[in-house]
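Nothing in this text is a laboratory measurement; each read-out follows from the coordinates by a stated rule. Since the model is a prediction, treat every value here as computed from it, not as a measurement. We place every Cβ from the backbone using ideal geometry, glycine too, and count neighbours over all the protein chains shown.
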């Protein structure tokens, strides 16, 4: 059995730092949209509020369903620790294809209901129209994002967060470049698409992230999408139960976020836009700290699989300490 000393701060940080960078890529995309749209000449306040409202709804769905990343990571890391990776080859494509199917279904259900959804957020007039148009483009990325997150969970499970970091950074860079290009346009070359330009930029970023994630999946891991079998894998039930537990936890915080946007929008567009900016900053900090949870999830599953109890205790204390220290730094 591995000793406690086999788990060191260096092991934890080598997973946590890339996980932090990968995790903040998504809120960075939203913050870029906020910064660029907030400087538009026309309808900047309405556009800013629309992006905030849509971002809140998108985050609620993606953040909730992306918990599949954590559950599949736990299963993969546990199999790694017990030297049983060969027994979950058919599970991985099942999880990824389930996420793709969920993403498509969510889009088909929510896109036609966009008017009703954002009316619940107290969006009105120009803000409502921009929210509907922006969402119907951004939401096309649901299956892309959910499948990419499932693949990121596989990477985390085999103790590698660098591949997800590379994919996320690449997507963020594409988003920044296209944001400025498509929102403001280029004279006589590209028209200014305004808020819709930000939506197209975000969609392109999601495509890039998935392509890079698939590249690493096929080049660096033993798992393949075409290994899909129709017979449910024995561990699929465990994956669904784990996801359901994470789902309930995440729903609670997203209900609170929804209510905060609803009340802020009800006070007026300026209040709602200000709230959108502050909420995106808060989400950035949250995803930053979450990198230590990602490292703990990856290493903890492996330690559990190898039955290293002392290592688990050390891991829990160390990741908690790091999280508290970073949180204190961020709030000062």
Discussion item. Need the full-extension length gain, residue 278 to residue 310, defined as separation in residues times 0.36 nm minus the C-alpha distance. One decimal, nm.
Written reply: 7.5 nm
Worksheet entry | Förster radius 35 Å - calculated FRET efficiency between residue 119 and residue 241, Cβ distance, rounded to 0.05 | 0.50
Worksheet entry | Residues 262, 224, 138, 10 arranged by fewest to most Cβ contacts within 10 Å | 10, 224, 262, 138
Practice prompt. Please work out the Cα convex hull volume for segment 25-275 and give it in Å³ per residue.
Written response: 122 Å³
Item to complete: Using the number of other C-beta atoms within 10 angstrom as an exposure proxy, rank 299, 132 with the fewest first.
Response: 132, 299
Discussion item. Just to confirm the number: angle between the C-alpha axis of helix 67-81 and the first principal axis of the chain, 0 to 90 degrees, nearest 10?
Written reply: 20 degrees
Response to the item:
Quick calc, residue 177 & residue 44: beta-carbon distance into FRET formula, R0 22 Å, rounding 0.05, result 0.60
Worksheet entry | Computed helical MRE - 222 nm, the chain, DSSP H runs ≥ 4 contributing -39500 (n - 2.57), nearest 500 | -27500 deg cm²/dmol
Worksheet item: With r defined as the distance between the Cβ atoms of residue 82 and residue 215 and R0 fixed at 35 Å, what FRET efficiency is calculated, to the nearest 0.05?
Response: 0.80
Response to the item:
Fewest to most Cβ atoms within 10 Å: 20, 61, 190 sort as 190, 61, 20
Discussion item. I'd like the distance separating the alpha-carbon centroids of segment 225-302 and segment 110-162, in whole Å.
Written reply: 12 Å
Item to complete: Would you mind checking the tilt of helix 44-65 against the longest principal axis of the Cα atoms of the chain, expressed as 0 to 90 degrees and rounded to 10?
Response: 20 degrees
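Quote the relative contact order of the chain in percent (integer), defining contacts as alpha-carbon pairs under 8 Å separated by 6+ residues.
36 percent
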Worksheet item: Tilt of helix 236-266 relative to the longest C-alpha principal axis of the chain, in degrees (0 to 90, nearest 10)?
Response: 30 degrees
